[in-house]
1. Is it the case, given these coordinates, that GLY173 is exposed (fewer than 12 other Cβ atoms within 10 Å of the Cβ), among the small types (Gly, Ala, Ser) and more than 34 Å from the chain's Cα centre (by Cα)?
2. Among the residues of region 141-169 satisfying the criterion of being touching a Cys at 6+ places or on another chain (Cβ under 6 Å) and within 17 Å of PRO122 (Cα to Cα), which is surrounded by the most Cβ atoms within 10 Å (Cβ to Cβ)?
3. Would you check if there is a residue in region 77-88 being under 11 Å from the mean Cα position of the chain (by Cα) and polar (S, T, N, Q)?
4. For region 65-91, give me each residue that is among the aromatic types (Phe, Trp, Tyr) and either at pLDDT 90 or above or not assigned by TED's automatic domain parsing to the domain that holds GLY112 (or both).
5. So THR106 fits all but one of (1) part of a loop (DSSP other than H, G, I, E, B); (2) in contact with a strand residue (DSSP E or B) (Cβ under 6 Å, 6 or more places away or on another chain); what number is the exception?
6. Among the residues of region 68-79, write down those that are exposed (fewer than 14 other Cβ atoms within 10 Å of the Cβ) and under 12 Å from SER99 (Cα atoms).
7. When the residues of region 106-130 are narrowed to those that are polar (S, T, N, Q) and loosely packed, with under 13 Cβ neighbours inside 10 Å, which ends up nearest to ASN141 (Cα to Cα)?
8. Could you list, in sequence order, all residues of region 117-138 that are in a loop (DSSP other than H, G, I, E, B) and of a type in the set (Val, Ile, Thr)?
Amino acid sequence: MKRLLLLILLSVGFTNVSFASDLCPNGSNPKRTVSSDGSYFVYKCSLSSSSYSSGDSFNIPANASATGSTFTCNKNYYRNNAKTACLRIPANASSSNTSNYYICNTGYKKSGKKCIPRLDIPINAHKALKSWTCDLNYYRNNTKTGCLKVPENAYSSYTSNIFSCIPGYKKTGFNSCIPRLATPSYRN
């Protein structure tokens, strides 16, 4: 009698068994519908319009891994706008294993699908093509990171990063302009 009861319990307990390969990518059970011609069953997941048959797997693009009902791109890849593929990150960028986007490295900024050098324009300067130039009556410092006011008796143009001394003065090694010494003329 005990054996018969155990056999009944076991047979009733396993009648609604589902295997992992029969589940949707998010872990839910697929909805079973009859095919259009009525000859077979079609299993559809509620979060996706894709059809799944028993044993089918979720479509994961190259350079990605499954994450619940979607995918996450591998390190140094990012998800395209259509969210259908993983693309290689551009130069001067980085991406982790747990993200679908990339960030530009320090000193770079996003421009379209690239990371371009960030142009930090110092005070008293303006943009000039792909770089910067000091404003009128300013010149570039020795480290080329900022602009300094020209010294007394000097000037610079709006398109120059150096200064010149006014007539009658000459540059010294200390970034200043000193008077030229008048050379005496010797008359016989």
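The values are calculated or read from the model by the stated rules, or taken from the named source; none is laboratory data. Worth saying up front: this structure is predicted, and the values here are computed from it rather than measured. With ideal geometry, Cβ positions are generated from the backbone for all residues, glycine too; neighbour counts draw on all protein chains shown.
1. Numbers: exposed (fewer than 12 other Cβ atoms within 10 Å of the Cβ): yes; among the small types (Gly, Ala, Ser): yes; more than 34 Å from the chain's Cα centre (by Cα): yes.
Yes, satisfied.
2. Once the filter is applied, the top-ranked residue is CYS147.
3. No: zero hits.
4. As a first pass, look at region 65-91 and keep what is among the aromatic types (Phe, Trp, Tyr): 71, 77-78.
TYR77, TYR78 - these are the residues of region 65-91 that are among the aromatic types (Phe, Trp, Tyr) and either at pLDDT 90 or above or not assigned by TED's automatic domain parsing to the domain that holds GLY112 (or both).
5. (2)
6. Taking region 68-79 as the starting set, the residues that turn out to be exposed (fewer than 14 other Cβ atoms within 10 Å of the Cβ) are 68, 75.
Passing the criteria: only LYS75.
7. The first filter runs over region 106-130 and keeps only residues polar (S, T, N, Q), leaving 106, 111, 124.
Still in the list and also loosely packed, with under 13 Cβ neighbours inside 10 Å: 106, 111.
Working: THR106: 23, SER111: 29 Å.
Looking at the filtered set, the residue picked out is THR106.
8. Of all residues in region 117-138, those in a loop (DSSP other than H, G, I, E, B) come to 118-124, 129-130, 135-137.
ILE121, ILE123, listed by residue number.
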